[in-house]
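Q: What follows is a structure written as structure tokens; I'll ask about it next.
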Amino acid sequence: MEKIPECLIHPISIKLIRAGHPWITPDNFSNRFPRQSEFVIAMDDRKRPMALLLHDPNHKNVKARVWTTKYPFDREAEHFTAGLQARLDLAFEKRLKEPALKERDNYYLVFGEADQLPGIFILKLKDRVLIQFYTSFWNRYKTVIQTTVQEVFPEMKDENIWLQLRGETRELQKLPVNSTDAGRRDEFHIQEFGLQYLIRLGSSYDYGLYTDMSSVRYVLKKYIHHDSSVLNLYSYTGAFSLWAMKLGAKQVTSVDLSPKYIEWLQQNLGLNPELNSTQHEALTMSVEEALVKLRNEERKFDFIICDPPSSSTDGDKRTSAIKSYKDLISKMDKVLNPKGHMVIFLNTHQVTNQKFERTIQDILGELKLHYNLSARVSLGQDCPTLKGFPEGNYLKGLVLEKL
Ligand SMILES: C[S@@+](CC[C@H](N)C(=O)[O-])C[C@H]1O[C@@H](n2cnc3c(N)ncnc32)[C@H](O)[C@@H]1O
């Protein structure tokens, strides 16, 4: 094996790595890592080797990710494939031991950095597997990863393995590709908490159900009672709406701007004949518009779910979800019953839990609204988070009770 280059890293990176943060962002040091090197050994300011890094010179935001801080680094690199397999096995084993995951066909087998597998996410979707890479570093290890999955799940056929490159920039936002036939599209049904959902692979960036939200859906069941009326804003394919109906809600209204997702939601409803679809109403319009319409009709709800995209654009300007919350909370309040709850989500690592909570408390103060913070919700179960790595803890939810 060629000698691995040893490179000084930025003083802030030294601090962050010592605190458990696994990323190196672009700076004067990381931009000079030798481009052709797959691995880099990071050195501290006293030229002591401190971490073995996986290098991705083409990534816009994350130039390298920590593989290990344990010596000897050249040995770790030499036995990299065996180390990778061992980490995959450990992650799979954890999921197979988790009783809560028996309640659903969809769960994460690997959740990136928190499983010590930086930039790799692997989803089990019934008898399919979707392997997601957030860095093209992993492209050359596709076969090793696929084989390791199939050793643990021997029933997993080659044609049921899907691969996807994902990320924040356009070059990384690819559709899932089938491992045996790159042009293939796949449609099938999976169950989550006794409900059926339509999953599509190969035709869209997301497959139709947010699995990182599954444990949150489960936790929120205590706010939905028999006879609740529920408003699901930014409903996507309706996972929260169907779940509310299954829990006995007497009326559920879903709002999404996209006719494609509302159509998908209707297909999901059709897959669950035990749900009474006459108790469901779909509004294909913007949330802002829907809240005004519902208010004018003097409609009231007991539980509101609000899960906006982290940022949106009206063609002219980009607004972050946190900025739109003042207007949204004011409008949601007008259609929420006293003693009712709203759960508001923020889907970004750029705002910390504390900042989100503070901003919402400030907004409630400015609007002179009286709410209790009943609960905080976040990633859980199959989606662990890592201390010292806020980027991995991107999902935040606050349950507010109207006093
Ligand atoms: C993050 S997804 C919501 C996921 C959903 N809560 C779930 O758990 O399945 C965001 C959704 O918001 C919709 N959307 C974006 N901007 C919107 C707007 N202004 N009004 C209504 N829907 C919007 C998108 O079409 C998308 O389906």
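The values are calculated or read from the model by the stated rules, or taken from the named source; none is laboratory data. None of the values given here were measured: they were computed from a predicted structure. Reconstructed Cβ throughout: ideal geometry from the backbone, glycine too, with neighbour counts over all protein chains shown. Side chains are part of the model used for accessible areas, which takes the heavy atoms of the whole protein and leaves out ligands, DNA and RNA. Shrake-Rupley method; radii C 1.70, N 1.55, O 1.52, S 1.80 Å.
Q: When the residues of region 193-215 are filtered to those that are part of a loop (DSSP other than H, G, I, E, B) and under 11 Å from the mean Cα position of the chain (by Cα), which remaining residue is surrounded by the most Cβ atoms within 10 Å (Cβ to Cβ)?
A: Across region 193-215, the extreme among qualifying residues is Leu209.
Q: Considering only region 302-325, I want to know if a residue exists there that is away from the ligand (no atom under 15 Å from the Cβ) and farther than 15 Å from Val287 by Cα.
A: Yes, region 302-325 has at least one match.
Q: Could you say which residue among Gly208, Gly202 is on the phi > 0 side of the Ramachandran plot, touching a helix residue (DSSP H, G or I) at 6+ places or on another chain (Cβ under 8 Å) and touching a residue at least 40 places away in the same chain (Cβ under 8 Å)?
A: Exactly one of Gly208, Gly202 is on the phi > 0 side of the Ramachandran plot, touching a helix residue (DSSP H, G or I) at 6+ places or on another chain (Cβ under 8 Å) and touching a residue at least 40 places away in the same chain (Cβ under 8 Å), namely Gly208.
Q: Yes or no: Gln381 more than 21 Å from Pro309 (Cβ to Cβ) and buried (at least 17 other Cβ atoms within 10 Å of the Cβ)?
A: Yes.
Q: Can you tell me which residues in region 286-297 are open to solvent by less than 70 Å² (accessible area, probe 1.4 Å) and within 7 Å of the ligand (Cβ to nearest atom)?
A: Ser286, Val287
Q: Among Gly83, Gly112, which is the only one that is more than 22 Å from the chain's Cα centre (by Cα), modelled with pLDDT of 95 or more and either outside the structural domain of Leu395 (by TED's automatic domain parsing) or open to solvent by 10 Å² or more (accessible area, probe 1.4 Å) (or both)?
A: Gly83
Q: What number of residues within region 247-265 satisfy the criterion of being in a strand (DSSP E or B), of a type outside the set (D, E, K, R) and open to solvent by 10 Å² or more (accessible area, probe 1.4 Å)?
A: Summing the residues that are in a strand (DSSP E or B), of a type outside the set (D, E, K, R) and open to solvent by 10 Å² or more (accessible area, probe 1.4 Å) in region 247-265 gives 1.
Q: Residue pairs, Cβ under 7 Å, 6 or more apart or interchain, first in region 278-306 and assigned by TED's automatic domain parsing to the domain that holds Asn232, second among the acidic types (Asp, Glu). List them.
A: Thr284/Asp256
Q: Could you list, in sequence order, the residues of region 173-192 that are in contact (Cβ under 8 Å) with a residue 40 or more places away in the chain and either assigned to a loop (DSSP other than H, G, I, E, B) or open to solvent by less than 20 Å² (accessible area, probe 1.4 Å) (or both)?
A: Residues satisfying the conditions are Pro176, Asp186, Phe188, Ile190, Glu192.
Q: Can I ask one more? If I filter region 216-232 down to residues being surrounded by fewer than 24 Cβ atoms within 10 Å (Cβ to Cβ) and under 21 Å from the mean Cα position of the chain (by Cα), which single residue comes out as nearest to Cys383 (Cα to Cα)?
A: Filtering first and then ranking leaves Val216.
Q: Before we move on, is Asp45 in contact with a Lys or Arg (Cβ under 9 Å, 6 or more places away or on another chain) and open to solvent by 10 Å² or more (accessible area, probe 1.4 Å)?
A: It is false that Asp45 is in contact with a Lys or Arg (Cβ under 9 Å, 6 or more places away or on another chain) and open to solvent by 10 Å² or more (accessible area, probe 1.4 Å).
Q: Quick one: how many residues across region 222-246 are farther than 14 Å from His341 by Cβ, of a type outside the set (D, E, K, R) and either within 9 Å of the ligand (Cβ to nearest atom) or in a helix (DSSP H, G or I) (or both)?
A: Selection size over region 222-246: 10.
Q: On to the next question. Please work out if Ala64 is small (Gly, Ala, Ser), open to solvent by less than 50 Å² (accessible area, probe 1.4 Å) and under 18 Å from Asp115 (Cα atoms).
A: Yes, satisfied.
Q: Next question. Does Glu357 fit the bill of being free of Cβ contacts under 8 Å to residues at least 60 places away in the same chain, open to solvent by 70 Å² or more (accessible area, probe 1.4 Å), in the same structural domain as Ala244 (by TED's automatic domain parsing) and not basic (Lys, Arg)?
A: no
Q: Sticking with this one: Inspect region 304-324 for any residue being farther than 30 Å from Lys97 by Cβ, in contact with a Lys or Arg (Cβ under 7 Å, 6 or more places away or on another chain) and basic (Lys, Arg) and give the result as yes or no.
A: There is no residue in region 304-324 that is farther than 30 Å from Lys97 by Cβ, in contact with a Lys or Arg (Cβ under 7 Å, 6 or more places away or on another chain) and basic (Lys, Arg).
Q: Under 6 Å by Cβ, and 6 or more places apart or on different chains, what pairs join a residue from region 365-381 that is more than 28 Å from Glu98 (Cβ to Cβ) and assigned by TED's automatic domain parsing to the domain that holds Val343 with one that is modelled with pLDDT of 95 or more and part of a strand (DSSP E or B)?
A: These pairs meet every condition: Tyr371/Leu400; Tyr371/Lys402; Asn372/Glu401.
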